[in-house]
Amino acid sequence: MKYVIFLFMMTFSFSTNAQNVERNGKTYEVKKEKIFLEGKEITETLTIEDKEAIFKQASSISNKMKVKAKEIKAQEKLEREKKKAERAQKKAEKQQKRTEKELKKQQKIQAKYDKADKKLNDAQKKYERLKRKGKLSPNDETKWLEKIEKLNTALNKAKEKL
């Protein structure tokens, strides 16, 4: 909002192209090459020294206004660049979070796969050991084969996700 007001004021001041100059307790208005006092042109009635002093003061005021306008534009540009950098920073942070989340997900899937593989290998070893020792009844053997089949299915699912 303050920028809108500032631009409006700058536009208005440049469109009127007049400078108010204070000299000897009087306020003169300078428009182009003419000097006005209380709305009346007095350019010809002033001395050359007064004219030069008034014109010099008006030009310095005009230069100051131009410098202020440039400073404000530069400040606005810096603010825009700052906002742009902040947005880029936020975007990079979001991307990093997404990447970290994806990495955690992959690690979790890998851990599930490793766990399923370990369970399957342990179950197969135990089944083979019991079978070798002859400690398996036909019912136990069926249960072990079903268990190994379930673990094998779980391993295949984990492999697909991986």
note = Expected sort for 153, 47 with the fewest Cβ neighbours (10 Å cutoff) up front is 47, 153
request  = Find which of 42, 139, 107 sits farthest along the positive direction of the dipole of segment 2-161, computed with +1 on the beta-carbon of Lys and Arg, -1 on that of Asp and Glu, about the Cα centre.
outcome  = 139
Charge dipole (debye, nearest 20) of segment 79-162; +1 at Cβ of Lys and Arg, -1 at Cβ of Asp and Glu = 400
task = Would you be so kind as to identify which of 116, 148, 59 lies farthest towards the positive end of the dipole of segment 2-161, taking Lys and Arg as +1 and Asp and Glu as -1 on Cβ and the Cα centre as origin?
result = 148
query = Among residues other than residue 84 whose Cβ falls under 12 Å from its Cβ, what is the net charge (Lys/Arg +1, Asp/Glu -1)?
reply = +4
note = Proxy exposure order for 120, 78 (fewest C-beta within 10 Å first) is 78, 120
request  = Pop out the ³J(HN,Hα) list for segment 95-107 in order, Karplus 6.51 cos²θ - 1.76 cosθ + 1.60 with θ = phi - 60°, rounded to Hz; leave Gly and Pro as x.
outcome  = 4, 5, 4, 4, 5, 4, 4, 5, 5, 4, 4, 5, 5
ask   = Where nothing but the Cβ of Lys and Arg (+1) and of Asp and Glu (-1) is charged, how large is the charge dipole of segment 2-161 around its Cα centre, in debye to the nearest 20?
value = 2160
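Every number in this text was worked out from the coordinates using simple rules, so none of it is lab data. On a predicted model such as this, the values are computed, not experimentally measured, just so you know. Note that we place each Cβ from the backbone using ideal geometry, even for glycine, and neighbour counts take in every protein chain shown.
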